[in-house]
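Please read the structure below before turning to the comments.
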Amino acid sequence: MSATTRHPLTEYQRRRHFDRTTEPSGQGGPRGRGAGDGLFVIQHHAASTDHYDFRLEVDGVLKSWAVPKGPSTDPRDRRLAVPTEDHPLDYAEFEGTIPAGEYGGGTVLVWDTGGYTNTTRRGDAAVSMADGLARGHVTFALDGAKLTGGYALTRFRGGDHEAWLLVKQDGEGADARRNPVSTQTESVLSGRDLDEIAADAR
Ligand code: MN
């Protein structure tokens with residue numbers, strides 16, 4: 001999605017029917033978490049194509065990428081991250097099942113969430129998340145239940161088929177033997193797995 005959308009949530013709202021999905025409408029106003037520079041959330045989304053939605057609070061919205069294989073704790077892994085439309089901040093607490101036939105139809109689980117700290121620099125100067133994203137490179141430290149420490153997001157292709165890479169940085173939280181996407185599948189908000197969330201929605 002274009003980062004130049006006039007109102008950041010226009011694209012989010014255009015794609016959804018809020019009388020059919022229980023996702024937040026984005027009219028509720030921002031509710032940041034205040035930990036570090038903002039909140040992050042990673043949602044496991046069992047849609048037509050299974051993926052993880054990686055979201056970072058930046059300037060009052062959740063900047064979002066779809067990560068097909070999910071995040072890694074191994075600094076040697078490079079995970080494709082495809083930008084999607086900005087989401088409202090209260091989406092960070094959304095779990096449930098989006099009806100089949102609606103945009104994003106499928107079950108959503110909050111796989112990890114917490115605060116993050118922007119560590120993006122250019123030479124000696126600190127760079128804001130917004131500037132870093134516009135330039136195509138940000139680094140940040142996560143303080144989540146499953147993921148901690150530094151990650152980098154780097155744009156490697158622009159234009160209509162923009163694509164980024166999500167890479168773990170060495171140091172805190174780096175561990176080539178962990179594979180939390182496979183071994184820690186439950187929701188950090190509710191403890192439920194995808195089947196339980198889907199069953200509860202029915
Ligand atoms: Mn998704």
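The values are calculated or read from the model by the stated rules, or taken from the named source; none is laboratory data. The shown structure was predicted, so the numbers you read here are calculated from the model rather than taken from an experiment. Cβ: placed from backbone, ideal geometry, glycine included. Neighbour counts: every protein chain shown.
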**Meets criteria (surrounded by fewer than 17 Cβ atoms within 10 Å (Cβ to Cβ) and assigned to a loop (DSSP other than H, G, I, E, B)) for ASP200** = no
**Asked** So LEU153 clears everything in (1) surrounded by 18 or more Cβ atoms within 10 Å (Cβ to Cβ); (2) modelled with pLDDT under 95 except one condition, right? Which one?
**Response** (2)
**Prompt:** What are the residues in the stretch 95-124 that are within 15 Å of the ligand (Cβ to nearest atom), in a loop (DSSP other than H, G, I, E, B) and either touching an Asp or Glu at 6+ places or on another chain (Cβ under 6 Å) or closer than 24 Å to GLN169 by Cα (or both), if any?
**Reply:** none
**Asked** If you take the residues in the stretch 33-75 that are of a type in the set (D, E, K, R) and either outside any strand (DSSP E or B) or touching a Phe, Trp or Tyr at 6+ places or on another chain (Cβ under 8 Å) (or both), which one is surrounded by the most Cβ atoms within 10 Å (Cβ to Cβ)?
**Response** GLU57
**Asked** Across the stretch 129-183, what is the total count of residues that are assigned to a helix (DSSP H, G or I) and among the hydroxyl-bearing types (Ser, Thr, Tyr)?
**Response** 2
**Request:** Please identify the pairs in which a residue from the stretch 42-59 that is without any contact (Cβ under 8 Å) to a residue 60 or more places away in the chain and closer than 19 Å to GLU196 by Cα has its Cβ atom under 7 Å from the Cβ atom of a residue that is outside any strand (DSSP E or B) and within 9 Å of the ligand (Cβ to nearest atom), counting only partners at least 6 apart or on another chain.
**Result:** ALA47/GLY104
**Residue within the stretch 162-169 that is at pLDDT 95 or above, buried (at least 17 other Cβ atoms within 10 Å of the Cβ) and of a type in the set (Phe, Trp, Tyr) present** = yes
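A quick yes/no check of all residues on (1) out of contact with any Phe, Trp or Tyr (no Cβ under 7 Å at 6 or more places or on another chain); (2) over 22 Å from LEU189 (Cα atoms); (3) of a type in the set (D, E, K, R):
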| position | (1), (2), (3) |
| --- | --- |
| GLY106 | yes, no, no |
| ASP112 | yes, no, yes |
| THR117 | no, no, no |
| ARG121 | yes, yes, yes |
| PHE140 | no, yes, no |
| TYR151 | no, yes, no |
| GLY159 | yes, yes, no |
| ALA163 | no, yes, no |
| GLY171 | yes, yes, no |
**Asked** Scanning for something in contact with a His (Cβ under 6 Å, 6 or more places away or on another chain), crowded, with 19+ Cβ neighbours inside 10 Å, within 23 Å of ASP195 (Cβ to Cβ) and of a type in the set (Val, Ile, Thr), does the stretch 113-126 turn up at least one residue?
**Response** no
**Message:** Pull out all pairs, ordered by first then second residue, where Cβ-Cβ is under 9 Å, the residues are six or more apart or on different chains, the first lies in the stretch 185-199 and is closer than 8 Å to TRP111 by Cβ, and the second is surrounded by fewer than 17 Cβ atoms within 10 Å (Cβ to Cβ) and small (Gly, Ala, Ser).
**Reply:** VAL188/ALA145
**Prompt:** Failed condition for GLN27, given (1) more than 16 Å from the ligand (Cβ to nearest atom); (2) polar (S, T, N, Q); (3) part of a strand (DSSP E or B), with all others met?
**Reply:** (3)
**Message:** Suppose we filter the stretch 170-185 for residues that are buried (at least 16 other Cβ atoms within 10 Å of the Cβ) and in contact with a helix residue (DSSP H, G or I) (Cβ under 9 Å, 6 or more places away or on another chain); how many remain?
**Reply:** 0
**Complete:** Over the stretch 76-94, the set of residues surrounded by 19 or more Cβ atoms within 10 Å (Cβ to Cβ) and more than 14 Å from the ligand (Cβ to nearest atom) is ARG79, PRO88, LEU89
